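The structure appears right after this line, and notes come after that.
Please treat every number below as a calculation from the coordinates, not as lab data. Keep in mind the model is a prediction, meaning the values are calculated, not measured. Counting neighbours? That spans all protein chains shown, and the Cβs are built from the backbone with ideal geometry, glycine included.
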Amino acid sequence: MLLTVAIITSPHGLKGEVRLDLRTDDPARRLAVGNVLETEPADAGPLTVVRTRQTGDSTFVVFEEARDRNAAEALRGVRLVVETDEDEDGGDADEGWYAHQLVGLRAVHVDGRELGTVADLEHLPAQDVLVINEPDGAEARVPFVADLVPEVDTDAGTITLDPPRGLFAADPADEDEEAGEPSDGAAHGSDAGSRA
């Protein structure tokens, strides 16, 4: 099983440096100087790390095989991948989960409703975020924190979510709205603008 370490997003400067969209929780190890990374597509690599630097929330790398801006531009969109280690595939609660372990799981609400399917795990500076494809084609993003994601069961193929109301397009209307009496004919005219 291949694990995506990062996606090359764009060249930076004139000497082959590229910006990365990180997909690993251990960039220091994965992107250490001298490491050789396979790529998708395969004919773009392998790539050897010459230099890595962090500036704010951005990670930049120079590869031995791409020492100018044209070569760096040709790497735009390339995925850096490694074979998953056998001991990493377990994904226990202390070490976290990898995207390949979560993508494809059925997202189920704590009340039993089907919410959709996990499409991706985004690694953002503040926290990881689950990307859920809803049955109607909408896309929801759920922070991957214990309060909102109480259970991950890869054996059952499910991930249980307890999201706040309004996070999913298919959320039912508020019970107060359903049970309340219409105040007058004008009250229902603005329903379409109630969800941003």
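Just a few scattered comments:
- Model label points for VAL145 and VAL103, set 7 angstrom from Cα along the Cα-to-Cβ axis, are 2.6 nm apart.
- Mean sequence separation of contacting Cα pairs (under 8 Å, at least six apart), scaled by the length of region 99-161, corresponds to a relative contact order of 31 percent.
- Reciprocal mean inverse distance between Cα atoms of region 2-85 - Kirkwood radius, Å: 12.3
- Projected area averaged over orientations for region 1-46, convex hull of C-alpha atoms, nm²: 3.8
- In this rough spin-label picture, where each label sits 7 Å from Cα along the Cβ direction, the LEU167-ASP155 distance is 2.6 nm.
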